[in-house]
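To start, the structure under review is shown below, and the notes come after it.
Bear in mind that the values in this text are calculations on the coordinates, not laboratory data. Being a predicted model, the structure only gives us computed values, none of them experimental. Note that we place each Cβ from the backbone using ideal geometry, even for glycine, and neighbour counts take in every protein chain shown.
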């Protein structure tokens with residue numbers, strides 16, 4: 001077996017299952033699961049209709065580069081959403097089978113053994129696993145209150161910058177919801193070009209935000225604001241899972257530097273992970289419509305307003321800048337708090353330490369939990385009320 005497999009930690013939900021294995025939820029209380037970021041809103045009708053109307057394409061092998069119509073729809077969306085001067089549908093856009101698959105595969109195609117791969121901390125565990133299985137070493141950058149819940153680059157040494165080959169960003173952040181300002185993105189772009197590493201920006205939460213007039217910036221938009229349309233050293237990852245409530249479609253894309261994507265396309269040709277043709281047709285419909293996305297944001301705003309109103313004065317929690325997670329401090333250890341909520345109220349949340357690693361003398365996830373407001377409004381409000389009841393017992 002690949003010896004790097006021994007370096008992988010159990011996935012956060014495996015750790016959560018072990019943590020709760022000896023806990024018994026109270027009888028008579030229904031389960032409310034807020035631990036997994038799986039959208040529960042209905043899939044858009046236009047996407048379901050497009051999928052159902054293209055099932056005859058199951059008789060065809062998919063092309064790894066995707067349908068021209070899909071690449072064009074993505075390029076059009078990118079230009080409008082991030083104010084890009086231009087992006088070429090042929091060469092700068094590559095459809096993928098969801099960002100999870102692509103974020104993992106990207107490191108296998110771009111990183112050499114012994115390199116450093118930078119990652120935010122806490123983080124999406126795929127970044128760590130991708131680095132380890134590529135034979136690289138993860139370098140975790142703590143996201144704390146003092147850094148605005150954004151990666152802290154202040155401790156990175158000259159030697160580490162020289163060894164870095166890949167930098168994973170996540171903005172809006174998972175689990176913090178923090179949004180990186182465009183000026184900081186531009187500073188990182190300049191650094192990437194100076195030291196010749198790639199920035200892989202995971203932007204799958206970019207379409208869930210609270211102010212319709214102030215959407216989160218993106219890495220390609222930061223390039224465009226610098227007068228740049230070749231996006232050198234920069235790639236972004238987007239998904240329909242959160243934006244359009246389509247996690248089961250497994251549809252996303254990578255876009256940016258054409259030279260990087262050309263090599264990534266070669267890798268993916270061998271990887272054999274092309275998106276099925278009906279899913280590609282359905283994806284065209286999703287990327288071409290914004291009405292369902294605005295409606296989705298409105299539903300999340302309503303949930304955040306209601307839940308934060310219930311939790312006010314009881315739990316140390318702030319509204320995030322974007323995304324659908326709360327990242328509160330806990331009055332006791334995060335693992336103890338998760339067990340308490342499950343045993344007393346049958347509410348499941350994810351301990352923050354499971355989403356982070358010890359770095360620079362601390363684990364920035366300790367004494368926090370991730371709460372995913374993905375359930376329907378009434379369930380989210382009931383969960384908040386149960387959390388308040390559990391807090392009264394501490």
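The figures follow:
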{"read-out": "Expected 222 nm ellipticity per residue - DSSP helices of 4 or more, -39500 (n - 2.57), all of the chain, to 500", "value": "-12000 deg cm²/dmol"}
{"read-out": "Chain lengthening between residue 392 and residue 144 when straightened (0.36 nm per residue, less Cα-Cα)", "value": "86.5 nm"}
{"read-out": "Estimated FRET transfer efficiency when R0 is 22 angstrom, pair residue 86-residue 183 (beta carbons, to 0.05)", "value": "0.45"}
{"read-out": "The chain: most fluctuating residue of 183, 108, 125 per GNM, C-alpha cutoff 10 Å", "value": "183"}
{"read-out": "Residue of 14, 72, 176 that the Gaussian network model of the chain assigns the largest fluctuation, springs spanning Cα pairs under 10 Å", "value": "14"}
{"read-out": "Set of region 314-352 residues, backbone N closer than 20 Å to the point 7 Å along the Cα-Cβ line of residue 9", "value": "326-330, 332-339, 349-352"}
{"read-out": "Fraction of beta bridges assigned by DSSP in the chain that are antiparallel (%, nearest 5)", "value": "45"}
{"read-out": "Expected-Rg normalisation [2.2 N^0.38 Å, Cα atoms] applied to region 237-394", "value": "1.31"}
{"read-out": "Kirkwood-based shape ratio for region 147-242, expressed as Rg/Rh from alpha carbons", "value": "0.96"}
{"read-out": "When the chain is reduced to its Cα atoms, the Kirkwood hydrodynamic radius in Å", "value": "21.7"}
{"read-out": "Gained length - residue 385 relative to residue 22, 0.36 nm times residue gap less alpha-carbon distance", "value": "128.2 nm"}
{"read-out": "Whole-number percent relative contact order across the chain, with pairs defined as alpha carbons under 8 Å at least 6 apart", "value": "25"}
{"read-out": "26 Å tail of the calculated P(r), region 59-289, as % of Cα pairs", "value": "31"}
{"read-out": "Förster radius 45 Å - calculated FRET efficiency between residue 362 and residue 1 (Cβ-Cβ, nearest 0.05)", "value": "0.85"}
{"read-out": "Inter-label distance, nm, simple model (7 Å from Cα along the C-beta direction), residue 137/residue 294", "value": "5.1"}
{"read-out": "Rg(Cα) / (2.2 N^0.38 Å) computed for region 72-120, rounded to two decimals", "value": "1.46"}
{"read-out": "GNM flexibility winner over the chain from 86, 233, 214 (Cα, springs under 10 Å)", "value": "214"}
{"read-out": "Label-to-label distance, nm, for residues given as residue 193 and residue 302 (7 Å Cα→Cβ offset)", "value": "4.5"}
